[in-house]
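Step one of this worksheet: look at the structure below.
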Number of protein chains: 2
Amino acid sequence: MTDIPISNDKPAPTVVVIFGAGGDLTWRKLVPALYNLWRDEWLNPQFSIIGVDRRSLSDGEFRQRLREGVDQFSRQPVRSQAKWQRFADAVNFITADFADAALYTGLAEAIARCSEQWGEPANTVFYLAIPPALIQIVSEGLGTAGLAADRARNRLIVEKPFGHDLISAQALNHLLTAVFHETQIYRIDHYLGKETVQNILAFRFANALFEPIWNRAYIERVQIIVAETVGVEHRGGYYDHAGALRDMIQNHLLQILCLVAMEPPVAFHANEIRDKKLDLLRSIRPIAPGTARQFAVRGQYEGYHNEPDVAPDSQTETFAELKVMIDNWRWQGVPFYLSTGKKLANKVSTVKVSFRPVPHLAFPETATTTWEPNELTLHIQPNEGIDICMQAKEPGVAWQLKPVTMRFRYSENFDKRPIPEAYETLLLDVMQGDATLFMSADQVEQAWQLVMPVLTQWAKSDAGLLTYAPDSWGPHAPDFPLLAPALSEI
Amino acid sequence: MTDIPISNDKPAPTVVVIFGAGGDLTWRKLVPALYNLWRDEWLNPQFSIIGVDRRSLSDGEFRQRLREGVDQFSRQPVRSQAKWQRFADAVNFITADFADAALYTGLAEAIARCSEQWGEPANTVFYLAIPPALIQIVSEGLGTAGLAADRARNRLIVEKPFGHDLISAQALNHLLTAVFHETQIYRIDHYLGKETVQNILAFRFANALFEPIWNRAYIERVQIIVAETVGVEHRGGYYDHAGALRDMIQNHLLQILCLVAMEPPVAFHANEIRDKKLDLLRSIRPIAPGTARQFAVRGQYEGYHNEPDVAPDSQTETFAELKVMIDNWRWQGVPFYLSTGKKLANKVSTVKVSFRPVPHLAFPETATTTWEPNELTLHIQPNEGIDICMQAKEPGVAWQLKPVTMRFRYSENFDKRPIPEAYETLLLDVMQGDATLFMSADQVEQAWQLVMPVLTQWAKSDAGLLTYAPDSWGPHAPDFPLLAPALSEI
């Protein structure tokens, strides 16, 4: 695997091919992201987008639809029709059946034409915005047409879910690596493209202040919380076969855990950071079969059975919490609680680091009635920033310690310009060949391995499936003292 | 020495006797402070103030003058004339020569009458708001009249200067302790009564987060800065014989240094904290005779010679900076810079703690062009609070680290009510018998011992006396690289 450092350079001339270009992701996220990158001059002027879908659309219709998406979802408006037209001129659409070999030879020809026109070989990014069932046929089609052969120039982006369990994840990795080399595969987790998630690395490794206390000697517990207010919405069909553990914890929350808990990287190279994250995943204590109730809580919001495409007797969890213990020198004995759920009282993503009490509280008893241990909160969203809850002397002639907040907010420290969307960061990274923020096959499989004992036990019986009221803070789990009360304190 | 913990209780019935009651301090500070304590019901209802001065004033005239002082300087206004009258009824004035023995027997009788009327023995606080030359006669007068005999109930407050050098400080302590026991003597440094100065203790010892990094492994240097914009004003006569090192560094700045650098106290008892501060002063590396230029800088603002009561050829420093090295395990090798001056560009009191760089900066070079080590600033005044200057990822698709500020402000975390004045805190402490925030004889003498080599060398010659422009950041001292440039960054 080549080890390319994080690059701030413009990418090489690139053709981006989006499979499933007629879908929501392309319209809402991918093309607005590409448009913003282009507008901010991050893209090479030698640049082309080819949309592929079974839907029948002309180039014009496709461009029109993309324009509507940009108008609706882009963080920056289109400056002028002329400017948009220059972008749109680089966009084409192909109506095709993904099983048709002619599609891939056609693509190869189109890419070759670009290379010829640009006077240098085009890089290619193949974005699979398609259901998992179609991945194999597209991947093999690309391989057969010779579009996976150039390890340096042909890149593949895969969207989650990366499998449904360990076996299917291994199968997926196997079929992808039968065609592409692992270094060509970018498994995208848009959570890792969020500014505040990336900033966990800056916070930990660009500041001398925090790393010395970032260990079991000073930290009592860590909570990683991703709470949603929405229900399953139109995704009931998918979600009812996944559930919160698969949909959120196996990927997003475990990835955030890696950034919070991993050892310092030697360098900001993709391999190095991916290895450090893998080290962390490997040091998580395996959950012994049959012990899920000691390490996991699941809940389902009331009314979930009435959602469209949800089985009337579904046992799928819409809330999950996992207690993770890390068996290494840094974290031995410090529980990490990973919590997520739908239809909760607030939409919030946050990492709460609770410090141990001071070793000796020397103050008079009357001064410490409202004393609390320190807490550091990384606000991923909303209110992007960092808070330290600390103790100060309340002004007054009497000695009274009171909790106060030391705050850092992105919005107060940086320009008010809208922050780039995660997809902008990630698409540019792929074009630059930087895999730092993407999950390796090892990571994905290791993460599945961690959650499998819980999934297996949950699949056997619905014992322990709690219900919770919509707009609450999730189920009340008396066996699991940190759950609901801790969440409600966010 | 009795070891009384910090108390939040009301003090016992007390008679406060102010010697020099006709002076500015009484009018501007002491009585407004006592009035606020009374108004906020911190005082025992059994309470009396006796002003003593050579000036001839009736009780009525004295009360009228105090009322004007309260109207002008109190942080809280007088609510109603009736309420003021209740306070004023407890105030009396005695015109007397401090050398007159009848004054002290008269005071003893007045105090005895209070005790009788209150049905319990009155505590007494004797406040010496008088020039140093008069201290002996008053102290002895009180002793002869039996007003120093009760170690638990008779207390003496002494204002700075506590001597002019080590010898005179020892003499002053000697004459005070010839009459009062050391536990009865409260040497007041109003700086220690400031909320933000007291909060240094809360910050360090009520939070588990900072103490682990509060040492030579993580801290590169500390600057304690008290900058004034005013010149000597009407105090030229006193100041020209003192100078910045005596007037500010020997007391205020060294006391702040103690709070910043001392070891954790076992308990918040006066003895314990005073001992820990003394330990710190004793661990400061002595400045060898003749080496002042390696450890101290002095400056004089242009035009100082034209100030009233200043000698036309005065060599007195109006700016001083002292580099302090602490020979203990925690601080070995970490320089502490104590800087103060008059006629500087800004009025600011602050402690800047500069951390070492991260041990390994793993980020790509292009990301770290504006990287800076962490800095923690304790703002004593203005903008009372704490800042951490740290590094964050600048939002954007490129990796760029930028300094940002994490802030805590008293004004944003607590009621907007005016914070109690330092004199309120300190007067109440004396009435409660809590000497934590007062300087012991040991501390005062140790502090003098530290600065004597510099004072001695400076007295011999004016070599190294730099001039600086008013409203600047002090002299430019090329031999002392941290001086002027560092100050200007506040």
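The values are calculated or read from the model by the stated rules, or taken from the named source; none is laboratory data. Keep in mind that this is a model prediction, so the values were computed, not measured. All Cβ positions, glycine included, derive from the backbone under ideal geometry; neighbour counts span all protein chains shown. We work out accessible area using only protein heavy atoms, side chains counted, and drop any ligands, DNA or RNA first. Shrake-Rupley method; radii C 1.70, N 1.55, O 1.52, S 1.80 Å.
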Margin query: Under the rule of at least 5 residues apart or a separate chain, name every residue whose amide H is placed under 5 Å from the amide H of A:TYR127.
Written below: A:VAL17, A:ILE18, A:PHE19, A:ILE157
Check: Top to bottom by accessible area (1.4 Å), largest first, where do A:SER349, A:SER56, A:SER80 land?
Finding: A:SER56, A:SER80, A:SER349
Check: Ranked by accessible surface with a 1.4 Å probe, highest first, in what order do B:VAL222, B:VAL179 come?
Finding: B:VAL179, B:VAL222
Margin query: Using only the heavy atoms of the protein chains and a 1.4 Å probe, how would B:GLU421, B:GLU412 rank by accessible area, largest first?
Written below: B:GLU412, B:GLU421
Margin query: Going by amide H atoms built from the backbone, whose H comes under 5 Å of the H on A:ALA296, apart from near neighbours?
Written below: A:LYS323
Next item on the list: For peptide B:360-367, compute the average count of partner chain beta-carbon atoms within 10 Å of each residue's beta-carbon.
Entry: 6
Check: So who's got an amide H within less than 5 Å of the one on A:ILE284, skipping anything under 5 residues away but keeping other chains? H placed 1.01 Å off N, in plane.
Finding: A:ASP327
Next item on the list: Once the label point is placed 7 Å from Cα along Cβ, list for A:SER58 the distances to the corresponding points in the other copies, in nm, shortest first.
Entry: 10.6
Next item on the list: Please work out the FRET efficiency for the pair A:ARG54 and A:ASP279, using the Cβ-Cβ distance as r and a Förster radius of 60 Å; give the result to the nearest 0.05.
Entry: 0.90
Item checked: chain A: calculated mean residue ellipticity at 222 nm from DSSP helix runs of at least 4, using -39500 (n - 2.57) -> -9500 deg cm²/dmol
Check: What residues of region A:96-134 lie in the reach of a label at A:LEU175, counting those whose backbone N is under 11 Å from a point 7 Å from the Cα along Cα→Cβ?
Finding: A:131-134
Next item on the list: Against the globular-protein guess of 2.2 N^0.38 Å, express the Cα radius of gyration of the protein assembly as shown as a ratio, rounded to two decimals.
Entry: 1.19
Next item on the list: Shortest first and in nm with one decimal, please list how far the A:PRO212 label point sits from its counterparts in the other copies (point 7 Å along Cα→Cβ).
Entry: 1.0
Check: Cα atoms only, region A:157-229: Rg and Dmax in Å?
Finding: 17.5, 47
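Chains A and B: how much accessible area gets covered up at their contact, both sides added, probe 1.4 Å, in Å² to the nearest hundred?
5700 Å²
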Note to self: I need the inter-copy label distances for A:THR105: point set 7 Å along Cα to C-beta, values in nm with one decimal, smallest first.
What the structure shows: 12.8
Item checked: 21 Å tail of the calculated P(r), region B:13-124, as % of Cα pairs -> 34 percent
Notebook entry, point to check: Cα centroids of region A:291-322 and region B:171-249: how far apart, whole angstrom?
Noted result: 61 Å
Notebook entry, point to check: By DSSP, what percent of the beta bridges with both residues in chain B are antiparallel, rounded to the nearest 5?
Noted result: 55 percent
Next item on the list: Starting from 0 in steps of 20 Å, tell me what percent of the Cα-Cα pairs of chain A lands in each bin.
Entry: 22, 53, 23, 3, 0
Next item on the list: Two decimals is fine: what is log10 I(q)/I(0) at q = 0.21 Å⁻¹ for region A:210-319, from a Debye sum with one equal scatterer on every Cα and no solvent?
Entry: -1.17
Margin query: Explain nothing, just compute: Karplus ³J(HN,Hα) = 6.51 cos²θ - 1.76 cosθ + 1.60, θ = phi - 60°, for every residue of region A:342-352 in order, whole Hz, x for Gly and Pro.
Written below: 9, 6, 8, 5, 8, 8, 7, 10, 7, 10, 10
Item checked: Percent accessible area from carbon and sulfur atoms, the protein assembly as shown, protein chains only, probe 1.4 Å -> 50 percent
Next item on the list: Only loop residues by DSSP count here, and only those with at most 14 other Cβ atoms within 10 Å; note down the trypsin sites (Lys or Arg not before Pro) in region A:114-212 that meet that.
Entry: A:ARG151
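Among A:444-450, A:309-315, how do they line up from the highest to the lowest mean number of other beta-carbon atoms within 10 Å?
Averaged packing, sorted descending, gives the order A:444-450, A:309-315.
Are there trypsin sites (Lys or Arg not before Pro) in region A:388-464 that DSSP marks as loop and that have at most 15 other Cβ atoms within 10 Å, and which are they?
A:LYS416
Taking each full run of DSSP H in chain A as one helix, which ones are at least 24 Å long along their axis (Cα atoms) and have mean Kyte-Doolittle hydropathy of at least -0.5?
Working: long enough: A:101-118 (26 Å, 0.25); A:441-460 (28 Å, -0.07).
Flagged H segments are A:101-118, A:441-460.
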